[in-house]
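S.K.: One structure coming up, written as structure tokens, with questions to follow.
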Amino acid sequence: MKNTKHPIIYHPSYDIPLPESHRFPGTKYSALIEELETTGLIENYLKYMPKPATAEYLSIAHDPVYIRAIETGNLSKQQQTKLGLPWSEILRKRSFLAPNGTLLAAQLALQTGIACHAAGGTHHAHWDFGAGFCVFNDLAYTARALIEMKLARRILIFDCDVHQGDGTASILSKDKNIFTCSIHCAENYPAKKARSDLDFSIIKGSGDEDYLAALRQCLSEIDRTNFSPDLVIYDAAVDVHGHDKLGLLEMTSEGIEQRDRVVLSHFKGRQVPIATTIGGGYGQTHEEVAQRHSIIFAAVQSVFHN
């Protein structure tokens, strides 16, 4: 049987040039594509490029006043500190592109069963402010957009970033047709957690075995809710890694790949399309982070190999 190429969504404008000392690895997006090219994994993917979202359409998930501030660079010093990123023309451009990258991945996943965004997972962005290196919330935006476009009726956001998806939970707190699930380290950022439809806290210092046991329990709980999604948006973040600078967990790369395979196989087995995003990942070098982010692409190839 001929190997099917899976959609990968990427844009060269995703990189954010930042000082070397900055905690956010702003060039990890191009480094990830380079990693996929070096390992040959990119051969299994078909590249797509998103167009920028309009301010009007982004307002389904964000306050128009906040969107305008990002558009014009009219952010206060305090707002930029909370966001964790300095405003620039480059940041403005990528902020409107990336949410549509996740939306495009979701649209393609509904057609093909699986699609991967080489960015996204910006789950700390709230209705009217950005935080934790997240400008706009691509997860909330995509879920609401798909429902508004009548492409899906029910969506599950399955967030495995080490930090709780507080912005997503907050924006979507009243959306009954979008189920938010966050598996995160209890002791990590944000200090004040929001309330997802399902929150699973992992204790600081937990490794592969404890994490995977919690993951399986979490998937069983979702099954028991009888919430039957038309699509899963999966935040396959790698800041759960033991060598991650902001993680507090002790997972290995092998454990992360197992996590991804468990999640992908679970929903594939239920014939639910999956759109993946890369979420957080922080390391000593951008190359090391890119290598970890490539794990989800290897797992997709392994689970959806025909």
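No lab work stands behind these numbers, since they all come straight from the coordinates. The shown structure was predicted, so the numbers you read here are calculated from the model rather than taken from an experiment. All Cβ positions, even for glycine, are placed from backbone atoms using ideal geometry, and neighbour counts span all protein chains on display.
S.K.: How much net charge surrounds GLU187 when only other residues with a Cβ under 12 Å from its Cβ are counted (Lys, Arg +1; Asp, Glu -1)?
M.R.: Around GLU187, the surrounding residues sum to +2.
S.K.: Further question on the same structure: Taking only C-alpha pairs under 8 Å that are 6+ residues apart, what is the relative contact order of segment 26-123 in percent?
M.R.: 29
S.K.: Any of LYS5/LYS93; LYS28/LYS51; LYS47/LYS93 with alpha carbons more than 23 Å apart? Name them for me.
M.R.: LYS5/LYS93
S.K.: While we're looking at this one, here's another question. Classify segment 176-306 as rounded, prolate or oblate, taking a ≥ b ≥ c as the square roots of the eigenvalues of its Cα gyration tensor: rounded when a/c is under 1.5, otherwise prolate if a/b is larger than b/c and oblate if not.
M.R.: Judged from the Cα gyration tensor, segment 176-306 comes out oblate (a/c at least 1.5, b/c at or above a/b).
S.K.: Rounded, prolate or oblate: which fits the chain when a ≥ b ≥ c are the square roots of the eigenvalues of the alpha-carbon gyration tensor, with rounded for a/c under 1.5 and prolate only if a/b beats b/c?
M.R.: rounded
S.K.: Using helices alone, I'd like the mean residue ellipticity at 222 nm for the chain: each DSSP H run of four-plus residues gives -39500 (n - 2.57), total over residue count, nearest 500.
M.R.: -12500 deg cm²/dmol
S.K.: Can you spot the aspartates and glutamates whose alpha carbon is less than 14 Å from LYS192's alpha carbon? Ignore those fewer than 8 places along the same chain.
M.R.: List returned: ASP166.
S.K.: Excluding residues fewer than 8 places away in the same chain, name every one of the lysines whose C-alpha is closer than 16 Å to that of LYS176.
M.R.: Within the straight-line cut-off, LYS176 pairs with LYS150.
S.K.: I would also like to ask the following. Counting Lys and Arg as +1 and Asp and Glu as -1, each charge on the Cβ, what is the dipole of the chain about the Cα centre in debye, to the nearest 20?
M.R.: Roughly 900 debye for the chain.
S.K.: Taking a ≥ b ≥ c as the square roots of the eigenvalues of the Cα gyration tensor of segment 18-84, is the shape rounded (a/c under 1.5), prolate (a/b larger than b/c) or oblate?
M.R.: oblate
S.K.: Mean separation of Cα pairs under 8 Å and 6+ residues apart, divided by the residue count of segment 6-303: what relative contact order is that in percent?
M.R.: For segment 6-303, the relative contact order is 20 percent.
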